[in-house]
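The structure under discussion appears below in the form of structure tokens.
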Amino acid sequence: MLNQIVDIINTSSSKSIEDNVLFCQNVIDDKSFLDTLYDSGLIENSDIDDYSVGDSIILEFSLPRLSSIGFFETRESFLRKNYYNIPTEEIYIFEKNSYLSDDLLFNKNYSVIVNLISEISNCSKHTYEDAEILNAIILREEISLFLPLKYSYEDLESLNEDVTKKIEQFVSLLQSNSFADKKNVYLNFLVEYLTPKEENTRFSFLIQRFYDYDDKAESSYNFYLRNFSYNKLKVELDSKALEFNQKLQSVINDSQTKLIAIPTALVFTLSTLDYENINSFKNYLLIIGLIIFCIFIQIFINNQKSSISFISDNISQYKSTFEQNKIVELEKSFSKVEKEKIKQSNRILLMQLFLWLSPIIATVMVLFLNTYKLIAIIILLVYIIFSLIIYTAALCKG
């Protein structure tokens, strides 16, 4: 029916609109169709029965009734009738003398905004209609935004192709479940962006300034990503540093019971020496036994040194994975690990020096009591000086 009415109006010799009535001059070629128009209330001619085929008649189309079948005087009147729902039937706009499907730019802009409204409504905590205007309440991080989804024909006219693409991308983001973090950032910024604006103009402001909104929202998201990546990396580095730190500390902790045997062996040897017969075979056997004991402990200490070396290699290998990037947090997180590694190495060196001090003391004791006092003192002093030099050098190196 719409197509037939459009043909009648387009072939009319004169057309005018007054008080929501479209007047058009027409020559009747199908009387039954005019009767159908009258019965449907689409024309207001009360004397339709007085005319027949071939007669000239001024048809009085009711614009409000025509809108029910998709005929609208202007694009503004079309919007008033189809503010939030895209019609599925064909639409004709009288002022443009064309079907809506042929008005590509307006049709695209209109569809984009309706889809935007639909997705904002879906993301809202609550929506309701008041005076035919849909209102949305958006809650984000304990902040609420009251957003009347009100727009105008001028808002649609303000859109260009670039902005339309941005809105389409935003609609796709709201529809997607794959980018939850990005969606949250964009919606949070939407609340922040529109809150200072007057309530009734918020949505129009968003449409007209959407490029600005999208640019700032993208910057917010990039900042979020940088901050998130930084925190994630820092947590990983701190966790790895703690893991290496615990491994280094366990090297000494696991050997505490064995290390207690060092002073115990020295005390046992000194207390068992035969001081009345200092050159007895028993005394030399005790010293040899102490030396053998120290050799076994030295083997254990060497294993501990190998463990620290292995952990050190693992640390270097892990840090090398970041060598292409100069990451300050890497050095901050691992500075304590490096200090702990040096500290544990120095402790092992100190244990090693004290370990061999035991047979030195036992030997010096036998020599001292065997009239070799000077030699005994020299041996002890040389070892102490040597130990101090070695340990001091290790401290300086660290």
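Going by the conditions given, is Asp238 part of a helix (DSSP H, G or I), in the same structural domain as Ile361 (by TED's automatic domain parsing), of a type in the set (Asp, Glu) and in contact (Cβ under 8 Å) with a residue 12 or more places away in the chain? Criteria met by Asp238. Take Thr74 and decide whether it is surrounded by 11 or more Cβ atoms within 10 Å (Cβ to Cβ) and either among the aliphatic types (A, V, I, L, M) or over 30 Å from Glu154 (Cα atoms) (or both). No: the conditions fail for Thr74. Listed here are the helices (runs of 4 or more DSSP H) enclosed by the range 53-127 that have at least 2 residues being out of contact with any Leu (no Cβ under 8 Å at 6 or more places or on another chain): 75-81, 104-123. Within the range 119-132, the set of residues being touching a residue at least 40 places away in the same chain (Cβ under 8 Å) and closer than 30 Å to Glu73 by Cβ comprises Ile120, Glu132. One residue alone among Ile133, Ile93, Ile113 is surrounded by fewer than 18 Cβ atoms within 10 Å (Cβ to Cβ) and at pLDDT 90 or above, and that residue is Ile133. Within the range 30-47, the residues that satisfy the criterion of being in a loop (DSSP other than H, G, I, E, B) and closer than 11 Å to Ile57 by Cα are Asn45, Asp47. Is there a residue in the range 143-150 that is in the same structural domain as Ile113 (by TED's automatic domain parsing) and assigned to a loop (DSSP other than H, G, I, E, B)? Yes, some residue in the range 143-150 is in the same structural domain as Ile113 (by TED's automatic domain parsing) and assigned to a loop (DSSP other than H, G, I, E, B).
Any residue at all in the range 36-52 that's under 22 Å from Ile93 (Cβ atoms) and among the acidic types (Asp, Glu)? Checked against the condition, which is being under 22 Å from Ile93 (Cβ atoms) and among the acidic types (Asp, Glu), the range 36-52 yields at least one hit. Of the residues examined, Asn188 is not one that is assigned by TED's automatic domain parsing to the domain that holds Ile113, part of a helix (DSSP H, G or I) and surrounded by fewer than 15 Cβ atoms within 10 Å (Cβ to Cβ).
Look at the range 61-85: where a residue is farther than 15 Å from Leu2 by Cα, no partner that is exposed (fewer than 15 other Cβ atoms within 10 Å of the Cβ) and among the hydrophobic types (A, V, I, L, M, F, W, C) sits 6+ places away or on another chain with Cβ atoms under 8 Å.
When Lys166 is tested against (1) farther than 16 Å from Lys183 by Cα; (2) part of a helix (DSSP H, G or I), just one condition goes unmet, and that condition is (1). Modelled with pLDDT under 80, in contact with a helix residue (DSSP H, G or I) (Cβ under 7 Å, 6 or more places away or on another chain) and in a helix (DSSP H, G or I), is that true of Leu233? Judged against the criteria, Leu233 is a match.
Selection of the range 172-219 for residues being aliphatic (A, V, I, L, M), modelled with pLDDT under 90 and either in contact with a Lys or Arg (Cβ under 8 Å, 6 or more places away or on another chain) or under 27 Å from Ile133 (Cβ atoms) (or both) yields an empty set.
Taking each residue of the range 195-206 that is assigned by TED's automatic domain parsing to the domain that holds Ile117 and in contact (Cβ under 8 Å) with a residue 12 or more places away in the chain and looking for partners that are surrounded by fewer than 17 Cβ atoms within 10 Å (Cβ to Cβ) and assigned to a helix (DSSP H, G or I) with beta-carbon atoms closer than 9 Å, six or more apart or interchain, yields Ser204/Glu154.
The values are calculated or read from the model by the stated rules, or taken from the named source; none is laboratory data. None of the values given here were measured: they were computed from a predicted structure. In this analysis, Cβ positions are derived from the backbone assuming ideal geometry, glycine residues included, and neighbour counts consider all displayed protein chains.
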